[in-house]
2 protein chains.
Amino acid sequence: MYQSIPVTQAHITGGFWKDKQDLLRLVTVGAVYDRFSETGRFGALSGVWLEGQPKPHIFWDSDTAKWLEGAAYLLMERPDPDLMAKCDDLISWVCALQMEDGYFNSYYQAMEIENRFTRRGDHELYCLGHWIEAAVAYHQATGKDELLTACRRYVALVDRVFRVERSAAFDTPGHEEIELALYKLYRHTGDPAYMTLMRYFVDTRGVPGKDRTPAHFGGSPLYLQAHKPVRSQTQCEGHSVRAMYLYCAMADQAAEDGDEALSAACRRLFDNCVSRRMYVTGGIGSTYLGEAFTEDWDLPNWEAYAETCASLALALFARRMVRLSPEARYMDTAELALYNGALSGLSLSGDSFFYENPLEYSPLRSRIARRIPEAHAHAAIGERVKVFSCSCCPPNVLRVYGSLQEFLYGETEDTLYVHMFASSAARTRFGAIRQTTDYPRNGQVDIEPPAGDYALALRLPRWIQNASLAVNGEPAAFENQLGYAVLRRSWQEGDRVTLTFDIPVRILHAHPRVSADAGLVCVSRGPIIYCLEGVDNGDNLADLALRIGGAPRVVMDDAFGLPIIALPGTRCVPDDPSDPDQTYPLYSDRPYPRQATDLIFIPFYAWANRGENEMRVWLREE
Amino acid sequence: MYQSIPVTQAHITGGFWKDKQDLLRLVTVGAVYDRFSETGRFGALSGVWLEGQPKPHIFWDSDTAKWLEGAAYLLMERPDPDLMAKCDDLISWVCALQMEDGYFNSYYQAMEIENRFTRRGDHELYCLGHWIEAAVAYHQATGKDELLTACRRYVALVDRVFRVERSAAFDTPGHEEIELALYKLYRHTGDPAYMTLMRYFVDTRGVPGKDRTPAHFGGSPLYLQAHKPVRSQTQCEGHSVRAMYLYCAMADQAAEDGDEALSAACRRLFDNCVSRRMYVTGGIGSTYLGEAFTEDWDLPNWEAYAETCASLALALFARRMVRLSPEARYMDTAELALYNGALSGLSLSGDSFFYENPLEYSPLRSRIARRIPEAHAHAAIGERVKVFSCSCCPPNVLRVYGSLQEFLYGETEDTLYVHMFASSAARTRFGAIRQTTDYPRNGQVDIEPPAGDYALALRLPRWIQNASLAVNGEPAAFENQLGYAVLRRSWQEGDRVTLTFDIPVRILHAHPRVSADAGLVCVSRGPIIYCLEGVDNGDNLADLALRIGGAPRVVMDDAFGLPIIALPGTRCVPDDPSDPDQTYPLYSDRPYPRQATDLIFIPFYAWANRGENEMRVWLREE
């Protein structure tokens, strides 16, 4: 039975991701704490709202819980008494807030406790889910179980009200998350009651007559994935974060129960996502209208919503899919999202964030959309901000990248999987494994496997070229199993496996039905998607064209932690407004003259760190 | 002094525009009348609103007045007792509505007469402007002066309240139109008081301290062109219809007064419009946010607003610019708008309309934008409708195309201008001129000029090729003056001038700063802009590419009244979802295979007459 090596058993020790985790520790965790403190999220845990204070919001508890979970992962890596004191303080407030019957929710207790469990859209169970995840992580990190105990009491109440008595005004959560959290709680405590409640929520969802679906945003149960029983769902629908959290739980349950129908649904949904509804950055949810999936092939770039949380959740779903079938494409997708569409949510400085991650940005277009504020036209922002009124993404970045080590390794009875390349160490059932690499800056990965009889399976990313394996310096033949290079042998103490490969610059095309990308290409290198920014290339990026077949120059950039890429291209010869002979007409039957230019591409995740300016991922080729 | 040959002196006798005018007479005038009657616009003229009846709206009077004006032009061409009876009936209601002091406005009298002249945004003077235009036209058509008399009494009130006493709550109209109407009234009656009031409104506009500009939509006086005195304005700003009507009045006043500063402002504004802010269809006003101009080069296609009324008004402005300087480019622009971005507002059936005229339409994108109605996301419609709640465009189509003959000819003391080619007859100061042509179906124009000593000036459209002139069958040399072929001679009775030229299919490129059109081309032939529709080319039009240098086939199409064009292109070989080997991945570093295909282009104006389907004007080339 496949298991990933959990966050408690793995550590990232160097390289790109270590730098990011250091940033989380040094900047992000404190920055998010301060913003949440200032905005009243922590004060709300008093359960009392006084006129003049910020009004508690239905999702504030989930923000706090995600911050706490992220802090717990940092504490696993390195003791920090000050950070732990902050966590303990928050937890003491939560415990004090908890009611006799187990309930706690800072919004409902302060504002309208008489209405608890009456509104499906109000995130109560979603908040509890995040409290559970935080409680498990904090227990793992510190051995302290106050929050865990509080959560178990609350879950007992939820089990009674929702599953046993069915006395709540709705049947399954409006915003999924508690399902996967219940699975985590079951795995952590071993108590099958949590698995029972999880199955109840998953299996009841969308079942006509059993799952009441009050009309919600857009009037459709699609929005919250309650349009069909989960085993009948075939396309990613509705709010993309909700969808991904549901699919995570479905994958957990399918693996736990060996449920083939549920596994098949997970595969269909994953395939629909990555083959029809995912941006090349791993972004998902192409419209701000309901933060939702739209239809197959509808992937507009400027209007892309592609919420940070949705890409993070896609990575979490993909990681769980490996448990159902160890195919490299799942971790390819997780890696894509983690290096691109999710990581773009975090500034290089670590203290500011994007909620949306469009693949094209124009200050002009955003300025125009905002000219008439009362019209509430939607437009992405071009500079990350320190806090959002709906601030789900910042602490989600903290908790997912803070536990990134959980993506690296997995194991079955006879196979040790290396899913992602990062300098790291992990404890496995076979013993300790150590990995040393500067990936994705270059393509060399050194592995020190534990001794024993088993297969070592190294993921070969889809784009890999000229991969070769050596054991103790000797070339070693390997089998490619579902995208993993598998070496089965008796490993000796001191063995060293070296995987080397090229990381080519690849020019990507989108499927012809993706009308937004018709005639356009995008530049990638390994798992990294690149973009053009105005600060490097001048404005009017739409005019730039990539020359087919041009030779790339790949140059390491310390600020970005990854190389930048220069490629030959062309741009129009600028006209001279002061000289009518050099001024092009607005429309002409003569093509405008073009000249050669170098195009500078930076990693997509690093855009918008040098002031507001134009950006685009897809560009013309000629 | 240049004058256009007025609508009373010219007639369209055959060809494309005759067919359209027949459609107006046979269908449009009645269809709009019926819709306006049903929606309460006519009943509102009672000046009484009863609970349960449709609530009068501040702009309803302008709808009625424009219909009346359009009907008057039809009556000029051909008597129609039934139509005249309808007009007389409406006019009798208006006269009955008029108050002792001259005021009449169906909204204010029914709803809040105590608030008249207090809200700049409320279209009172705009409505009066349209009543004036209707009154002049109806007087010209029938000799009946009841409405004219009513308007003159109302104008006297406005003159007193606004100019003399300055007792209204604002100084100049929020929605311009009355200025150009006052000029028309002055020209029709000869009373200089109207010219004085017109100058007052034009000259006061945007003058700090003199023109109060209460915050309006978007909070900016830009919206209503009151950000600067008119002679200082340099860019087309704000609501595009308001802007164009103001510029019309400025051009009228500049010509009337020989006002060089005002002329220069008109030229700057016209040039800004056509060289920076106009769609290739002659559409203007690129955002629905305030129905407004945005910034130079911002011409998005899917999001294009390009209101029918705005293109009509651009044509009216361009026609007035000829009076300031007889340059062919003015009528090039008028012709572009009239054949394309304005005419697309009218269905082939004559009874339904577009308010917006985007250059790209996708049922998918509109469906997605409408998924969550409460979000009020904006999206164009893909099928014309019979009436809009704001129904300015349908009667504007009626009145402008109903008086299209006014665009054809002009004269100075020694020159007779032929601006547009259409089978027609006109009375000029030199005598009767007759034109016979099948333009723009082909490039032959026969002119029978009146006898006398003068110059005949025929406009040579910008795109013309191989133009030659013959007089009585003999080749005649001509001078090209500002884009007009000028033949100065002693014309004899029976002389016949023949202009022949090629109408090439032209592939147009947009200025490189128009990012929406980067890498794209559009197909045109003569004054006609073409588009692709899904019904002819299959869906997923974005995938289609035009092959550079392909030979066009031009085939007359009776339904459209103009040729369609076939050009060679390519499309992707469709994949086969049932066969994984034939299914393209979502992203790939291999270009997707393409195959040759014929691309079918139809006139842009004729799109959306065969059911909702995809459309696009700009397409890739390869």
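Which of (1) within 14 Å of chain A (Cβ to nearest Cβ); (2) under 16 Å from B:Asp598 (Cβ atoms); (3) crowded, with 21+ Cβ neighbours inside 10 Å does B:Gly538 not meet, given it meets every other one? Among (1) within 14 Å of chain A (Cβ to nearest Cβ); (2) under 16 Å from B:Asp598 (Cβ atoms); (3) crowded, with 21+ Cβ neighbours inside 10 Å, B:Gly538 violates only (3).
Taken over segment A:235-284, the criterion of being surrounded by fewer than 22 Cβ atoms within 10 Å (Cβ to Cβ), out of contact with any helix residue (DSSP H, G or I) (no Cβ under 7 Å at 6 or more places or on another chain) and small (Gly, Ala, Ser) is satisfied by A:Gly258, A:Ala264, A:Ser275. Selection of segment A:488-509 for residues being crowded, with 21+ Cβ neighbours inside 10 Å and either more than 31 Å from the chain's Cα centre (by Cα) or more than 14 Å from every other protein chain (Cβ to nearest Cβ) (or both) yields A:Trp491, A:Val497, A:Leu499, A:Phe501.
The criterion of at least 2 residues that are touching a residue at least 24 places away in the same chain (Cβ under 8 Å) and within 18 Å of B:Pro395 (Cα to Cα) is met, among helices (runs of 4 or more DSSP H) falling completely within segment B:54-117, by B:60-77, B:81-97. For B:Cys522, state whether it is within 10 Å of chain A (Cβ to nearest Cβ) and over 30 Å from B:Glu411 (Cβ atoms). Taking the combined requirement at face value, the residue satisfies it.
Counting only residues that are more than 8 Å from chain A (Cβ to nearest Cβ) and touching a Ser or Thr at 6+ places or on another chain (Cβ under 6 Å), how many does segment B:277-290 have? Steps first, answer last, please.
So the first thing to find is which residues in segment B:277-290 are more than 8 Å from chain A (Cβ to nearest Cβ), and the list is B:277, B:279, B:281-286, B:288.
With the extra rule that they be touching a Ser or Thr at 6+ places or on another chain (Cβ under 6 Å), the set shrinks to B:282-286.
So the count comes out to 5.
B:Ser468 - would you say it is among the polar types (S, T, N, Q), in contact with a Ser or Thr (Cβ under 8 Å, 6 or more places away or on another chain) and within 11 Å of another protein chain (Cβ to nearest Cβ)? Please lay out each step first, then the result.
Numbers: among the polar types (S, T, N, Q): yes; in contact with a Ser or Thr (Cβ under 8 Å, 6 or more places away or on another chain): yes; within 11 Å of another protein chain (Cβ to nearest Cβ): no.
The answer is no for B:Ser468.
Residues of segment B:31-48 being out of contact with any Leu (no Cβ under 6 Å at 6 or more places or on another chain) and farther than 18 Å from B:Ser389 by Cα, which ones? Correct list: B:Ser46, B:Val48. So for segment B:94-104 (the condition being surrounded by fewer than 20 Cβ atoms within 10 Å (Cβ to Cβ), hydroxyl-bearing (Ser, Thr, Tyr) and modelled with pLDDT of 95 or more), does at least one residue qualify? For segment B:94-104, residues surrounded by fewer than 20 Cβ atoms within 10 Å (Cβ to Cβ), hydroxyl-bearing (Ser, Thr, Tyr) and modelled with pLDDT of 95 or more: absent.
Name the one entry in A:Ser344, A:Ser424 that is closer than 30 Å to B:Trp297 by Cβ and among the polar types (S, T, N, Q).
Numbers: A:Ser424 fails: closer than 30 Å to B:Trp297 by Cβ.
Selected residue: A:Ser344, the only one of A:Ser344, A:Ser424 that is closer than 30 Å to B:Trp297 by Cβ and among the polar types (S, T, N, Q).
In segment B:222-229, is there at least one residue being within 22 Å of B:Ala337 (Cβ to Cβ), away from every other protein chain (no Cβ under 14 Å) and not in a helix (DSSP H, G or I)? Yes, segment B:222-229 contains a residue that is within 22 Å of B:Ala337 (Cβ to Cβ), away from every other protein chain (no Cβ under 14 Å) and not in a helix (DSSP H, G or I). The set of residues in segment B:34-52 that are in contact (Cβ under 8 Å) with a residue 12 or more places away in the chain and hydrophobic (A, V, I, L, M, F, W, C) comprises B:Phe36, B:Phe42, B:Ala44, B:Leu45, B:Val48, B:Trp49.
Among the residues of segment A:245-266, are any within 14 Å of chain B (Cβ to nearest Cβ) and assigned to a helix (DSSP H, G or I)? Full working, then the answer.
Kept after step one, since they are within 14 Å of chain B (Cβ to nearest Cβ), are these residues of segment A:245-266: none.
No; the residues of segment A:245-266 include none that is within 14 Å of chain B (Cβ to nearest Cβ) and assigned to a helix (DSSP H, G or I).
Tallying residues that are away from every other protein chain (no Cβ under 11 Å) and either touching a Lys or Arg at 6+ places or on another chain (Cβ under 8 Å) or of a type in the set (D, E, K, R) (or both) within segment A:571-594 yields 3.
Is it the case that B:Arg370 is farther than 23 Å from B:Trp60 by Cβ, outside the structural domain of B:His123 (by TED's automatic domain parsing) and of a type outside the set (Val, Ile, Thr)? For B:Arg370, the condition - farther than 23 Å from B:Trp60 by Cβ, outside the structural domain of B:His123 (by TED's automatic domain parsing) and of a type outside the set (Val, Ile, Thr) - is met.
The values are calculated or read from the model by the stated rules, or taken from the named source; none is laboratory data. Given the structure is predicted, the values throughout are model-derived calculations rather than measurements. Please note: Cβ atoms are built from the backbone with ideal geometry, for glycine as well, and neighbour counts cover all protein chains shown.
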